[in-house]
Amino acid sequence: MTALTAIFDEQQFETLLKSDQPTVQLFRETLRDSKERIKDLFLEGESTTNLVTFQAQLIDRLLHHAWRDYFTTNDPNISLIAVGGYGRGELHPGSDIDILILLRDNKHDHYRAALELFVMFLWDIGLEVGHSVRSLQECVEQASLDITIATNLMESRPIAGPVELLTAMRQLTGPDQIWPSRDFFEAKWQEQIQRHRKFDDTAYNLEPNIKEGPGGMRDIQMIGWVAKRHFNATTLHDLVKHSFLTEAEHGELIEGQNFLWKIRFALHILTKRREDRLLFDYQRTLAEQFGYQTQESVLAVEQFMKQYYRTIMELNRLNEMLLQLFQEAILLKDDVNTPTPLNKRFQVSKGFIEVTHKQVFQNYPFALLEIFLLIQQHPEIKGVRATTIRLIRKHRNLIDNAFRQDLRNRTLFMEIFRQPHGVTHELRRMNRYGILACYLPPFGKIVGLMQYDLFHIYTVDEHTLMVLRNLRRMTINTHNDELPYCSQLIKKIPKLELLYLGGVFHDIAKGRGGDHSELGSHDALEFCQQHSLSNHDARLVAWLVKNHLLMSSTAQRKDISDPEIVAHFAAQMGDKNRLDHLYLLTVADIRGTNKTLWNSWKDALLFDLYQATVRVLRRGLENPIDHSELINETKESALKKLNSANINSTAITKLWNSLPEDYFLRHNAEQIAWHSEAIILNSARDFPLILVQQEAERGGTEIFIHMPYANHLFAVTTRSLDQLGLTVVDARIITSDKDYTFDTYVVLEENGATISSGHRIEDILAQLKRELSHPQFIDKKVERRSARQLKHFHTPTQINFDQDLRNQRTIMELITADRPGILSAVGRTLMECDIDLQNAKICTVGERVEDVFFIVDNNGQPVTNNEQLATLKQTLSSYLTK
């Protein structure tokens, strides 16, 4: 093991102090060289545990020598104290160096000049210290008011000056004076709860905070603080002596801490500053540095992050168990309690379920599932006794093939899904304790599995449980306002457990290679058959898993205003029962993938497809809706609205006669009436006529543009909207036979919200009118910064063409990396190649764009000439690379 002397030669340093070398220069160079040596040792594989200690010891020695130049070592009234993480003797390269200058009395003025010079010297040599100057009495007063200060002072050790002062401070701020262990534990527990909420109560974010997030370093420190306050423990191993941890659990805790320390140490070296966020910017680099290698379909970075997430999960489990033990020992120790039996295996003690004896799981393995069912059936139970958590974890190995084939266990597992309460809570608990992965081995493979993209912000197991949570929330009346229709619909689902199983299995085959929907469908069917579900129910769950992406891809990538598209989708559904299940699962899936994905536009898009499909199914698949029938219905409804507004019927007829059928298929009656009234009343022919509906029925904010046709309009409009920071999610481009545009854009703010400010709308209108009136704006580049994370992903550009001969148009699919100016590039390409745009489906999936454009040539015919298509592809590729 490396010794501190290999990093800092104190004897040589003292010799140089006596030389003519400037003191500031000597300290600065010594600090720099020593830190560089620590960095080299880390890269050579030295234990991080040793290095954080060496770093603290190095600072100790430098501070000690610096102190002697400004204060006499025998002054009994002032001491230099290390506090906080530095007080624990743990310093990472970018860690805060927190020091307390402790005074016996409140004589600040007496030491003020020397202290100012001392602190200035520390900054001059490159030590960025956080310092406070307090008397003993001030320590008591401030620590009494602020638990953070009390915690900081609790982790203190002497650097220079009389140790007796530190001893006095510890006595005055100890638990018998301020913050007794009960109050301290309650405050720190609430502090942790609030901290976890900042991270959505999950450690499984794509860019986790390794210090503050759930299961992170702060949770380990919290355990240490409580142990120190209540038991006067000096190390985490003291918890073994107090029977709060076993040796094995202590080993897991330290192993997890060392792994996090290694990551944090590497982060600080890589970024040259304090950095606790494991951002995309660093994940690949650290994975490579730590020796992970890409294997088959699993990237090196995904393997690294999987180990990180599994470590965090283990630390989270230990944290939960220890907090439970602390709660029993500190908060509930005086409670007089007689356990309430639930059955011969379990009882409730002080509100927590526990085994009646230590051999319960050994004697009755099925109790490993029964306990979760009992918690669901008894909502008054607060949680699981820590000793029972330990026993559950110890006996997980009993869940083997024979256990899974036992009819009693299969029945218990299905009963958990059939309960009216606590399904999500208990499946989450089963996942934390490792029971879910043991009972469902395929689920065990996705625990901690990340997907290295910006679309999925959670690990696969966390996403799965989020989907289940979203489904459950639809059944709870207090959440009806979130998704009103889904909340109504789910109450009509006869067997909710089938829907929940679809949620559990929909992504269970991720990471295996191949089509995860197909593979997961096989897993689901096998599970359902093994668990005695009827053939009908088993096939429904398997169908749900196989088709769980079908509704979202149809809504977002196809023209659902086309009755033929809806009819085909309805045929894939087969009946309304399947449609209902898929609709609910799709909504829950999108909402559980990325909290920024769900917005009013996607809500309306899926609901429109759902309603249109219900209509087809009710008519019967053999009796599809005719185009002309749908157009006539829409016209009649729009005409009623216009008549009630006293709009001239002759003007309406004249306007509508100039429009193609597509206009009436791709707009509803409300939109048609809105457009028609504004155009007819625009007697002054003031162009461009721009209308804005803040919260459109179709979701998002709708912008309608009517003006004489010009081939640059799409390029200019999308460039302007992009520059304004708006996201175009849908574009419907219609040109009348009088050569006037009837263009509709649905937009959202960058955060996915509709435009809510009147001033914002005024700015949008002003910019659009200015730029649409002056075509030269087409040459202006979109000057907007891309998201930081995008630079870490490479998405090769793909441009594909397909012919939609039934609708006499060509479909152009564009897949490329997301960045500002894409739609403007498409617009310029179409203009340059003399191609007209009819419709656009805009879809951004994390870091990649998957847009679909419906195009025709300048004669209104499909683009079928191979040479013309090749030119179109080459031109667009060129614009996208500029």
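The values are calculated or read from the model by the stated rules, or taken from the named source; none is laboratory data. None of the values given here were measured: they were computed from a predicted structure. Methodologically, a virtual Cβ is constructed for each residue, glycine included, from the backbone with ideal geometry; neighbour enumeration extends over all protein chains shown. The accessibility values were calculated without ligands, DNA or RNA, using every heavy atom of the protein model including side chains. Shrake-Rupley method; radii C 1.70, N 1.55, O 1.52, S 1.80 Å.
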**Asked** Only one of 489, 496, 501 is modelled with pLDDT of 95 or more and in contact with a Ser or Thr (Cβ under 8 Å, 6 or more places away or on another chain); which?
**Response** 496
**Filter pass, residue 229 being open to solvent by less than 20 Å² (accessible area, probe 1.4 Å), more than 23 Å from the chain's Cα centre (by Cα), of a type in the set (Lys, Arg) and within 24 Å of residue 91 (Cβ to Cβ)** = yes
**Request:** Within region 569-581, identify whether any single residue is under 20 Å from residue 668 (Cβ atoms) and assigned to a helix (DSSP H, G or I), and answer yes or no.
**Result:** yes
**Prompt:** What do you reckon, is residue 311 within 30 Å of residue 530 (Cα to Cα), in a helix (DSSP H, G or I) and of a type in the set (S, T, N, Q)?
**Reply:** no
**Filtered residue count, region 450-500, keeping only those that are closer than 26 Å to residue 523 by Cα, part of a loop (DSSP other than H, G, I, E, B), open to solvent by 20 Å² or more (accessible area, probe 1.4 Å) and of a type outside the set (Phe, Trp, Tyr)** = 6
**Request:** Tell me which of these residue 437 doesn't satisfy, since it passes every other one: (1) modelled with pLDDT of 95 or more; (2) open to solvent by 50 Å² or more (accessible area, probe 1.4 Å).
**Result:** (2)
**Item:** Among (1) without any contact (Cβ under 8 Å) to a residue 60 or more places away in the chain; (2) out of contact with any helix residue (DSSP H, G or I) (no Cβ under 8 Å at 6 or more places or on another chain), the one test that residue 567 misses
**Value:** (2)
**Message:** So in region 351-363, with the set limited to residues that are assigned to a loop (DSSP other than H, G, I, E, B) and polar (S, T, N, Q), which one is surrounded by the most Cβ atoms within 10 Å (Cβ to Cβ)?
**Reply:** 356
**Request:** Would you check if residue 4 is under 19 Å from residue 120 (Cα atoms), buried (at least 16 other Cβ atoms within 10 Å of the Cβ) and more than 40 Å from the chain's Cα centre (by Cα)?
**Result:** no
**Request:** Taking only region 425-449 into account, find how many residues are over 30 Å from residue 847 (Cα atoms) and either assigned to a helix (DSSP H, G or I) or free of Cβ contacts under 8 Å to residues at least 24 places away in the same chain (or both).
**Result:** 12
**Message:** Show the residue pairs meeting these rules: Cβ distance below 8 Å; 6+ apart or different chains; first residue within region 803-817 and under 17 Å from residue 873 (Cα atoms); second residue crowded, with 21+ Cβ neighbours inside 10 Å and of a type in the set (Ser, Thr, Tyr).
**Reply:** 803/810
**Prompt:** Looking only at residues in region 17-43 that are farther than 15 Å from residue 127 by Cβ and in a helix (DSSP H, G or I), which one is modelled with the lowest pLDDT?
**Reply:** 17
**Prompt:** Limited to region 157-169, what total is found for residues that are among the charged types (D, E, K, R) and touching a Leu at 6+ places or on another chain (Cβ under 8 Å)?
**Reply:** 1
**Prompt:** Quick one: residue 569 ticks every box in (1) modelled with pLDDT under 90; (2) open to solvent by less than 30 Å² (accessible area, probe 1.4 Å) bar one, so which box is it?
**Reply:** (1)
**Asked** How many residues does region 741-756 contain that are surrounded by fewer than 19 Cβ atoms within 10 Å (Cβ to Cβ) and in contact with a helix residue (DSSP H, G or I) (Cβ under 9 Å, 6 or more places away or on another chain)?
**Response** 3
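Yes or no, residue by residue, for (1) modelled with pLDDT of 95 or more; (2) within 28 Å of residue 340 (Cβ to Cβ):
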{"residue": "394", "(1), (2)": "no, yes"}
{"residue": "409", "(1), (2)": "yes, yes"}
{"residue": "426", "(1), (2)": "yes, yes"}
{"residue": "448", "(1), (2)": "no, no"}
{"residue": "462", "(1), (2)": "no, no"}
{"residue": "467", "(1), (2)": "yes, no"}
**Request:** Please work out which residue is least open to solvent (accessible area, probe 1.4 Å), limiting yourself to region 93-117 and to residues that are touching a Leu at 6+ places or on another chain (Cβ under 9 Å) and assigned to a helix (DSSP H, G or I).
**Result:** 111
**Request:** Identify, by number, the condition in (1) hydrophobic (A, V, I, L, M, F, W, C); (2) touching a residue at least 12 places away in the same chain (Cβ under 8 Å); (3) open to solvent by 40 Å² or more (accessible area, probe 1.4 Å); (4) not in a helix (DSSP H, G or I) that residue 348 doesn't meet.
**Result:** (3)
**Request:** Hand me the list of strands (runs of 3 or more DSSP E) wholly inside region 668-765 holding 1 or more residues that are over 27 Å from residue 642 (Cβ atoms) and out of contact with any Pro (no Cβ under 8 Å at 6 or more places or on another chain).
**Result:** 726-732, 740-749
**Asked** Of the conditions (1) under 23 Å from the mean Cα position of the chain (by Cα); (2) surrounded by 19 or more Cβ atoms within 10 Å (Cβ to Cβ); (3) more than 17 Å from residue 583 (Cα to Cα), residue 520 fails just one. Which one is it?
**Response** (1)
**Asked** Can you find a residue in region 44-57 that is free of Cβ contacts under 8 Å to residues at least 60 places away in the same chain, assigned to a helix (DSSP H, G or I), surrounded by 15 or more Cβ atoms within 10 Å (Cβ to Cβ) and touching a strand residue (DSSP E or B) at 6+ places or on another chain (Cβ under 9 Å)?
**Response** yes
**Request:** May I ask you to list pairs of residues, at least six apart or on different chains, whose Cβ atoms are under 8 Å apart, with the first in region 836-855 being within 17 Å of residue 590 (Cβ to Cβ) and in contact (Cβ under 8 Å) with a residue 12 or more places away in the chain and the second being among the acidic types (Asp, Glu) and assigned to a strand (DSSP E or B)?
**Result:** 841/730; 841/851; 842/730; 842/851; 843/850; 843/851; 844/850; 850/813
**Item:** Candidate set from region 798-838 (those that are of a type in the set (Lys, Arg) and closer than 25 Å to residue 562 by Cα); member that is surrounded by the fewest Cβ atoms within 10 Å (Cβ to Cβ)
**Value:** 806
**Prompt:** So residue 727 clears everything in (1) buried (at least 20 other Cβ atoms within 10 Å of the Cβ); (2) closer than 30 Å to residue 880 by Cα except one condition, right? Which one?
**Reply:** (1)
**Asked** How many residues does region 291-327 contain that are open to solvent by less than 40 Å² (accessible area, probe 1.4 Å) and touching a strand residue (DSSP E or B) at 6+ places or on another chain (Cβ under 8 Å)?
**Response** 1
**Prompt:** For region 277-308, how many residues are of a type outside the set (Val, Ile, Thr), part of a helix (DSSP H, G or I) and either over 28 Å from residue 428 (Cα atoms) or more than 24 Å from the chain's Cα centre (by Cα) (or both)?
**Reply:** 7
**Prompt:** How about region 837-871: which of its residues are over 40 Å from the mean Cα position of the chain (by Cα) and in a strand (DSSP E or B)?
**Reply:** 856, 857
**Item:** Options 404, 385, 408; residue that is more than 30 Å from the chain's Cα centre (by Cα) and buried (at least 20 other Cβ atoms within 10 Å of the Cβ)
**Value:** 385
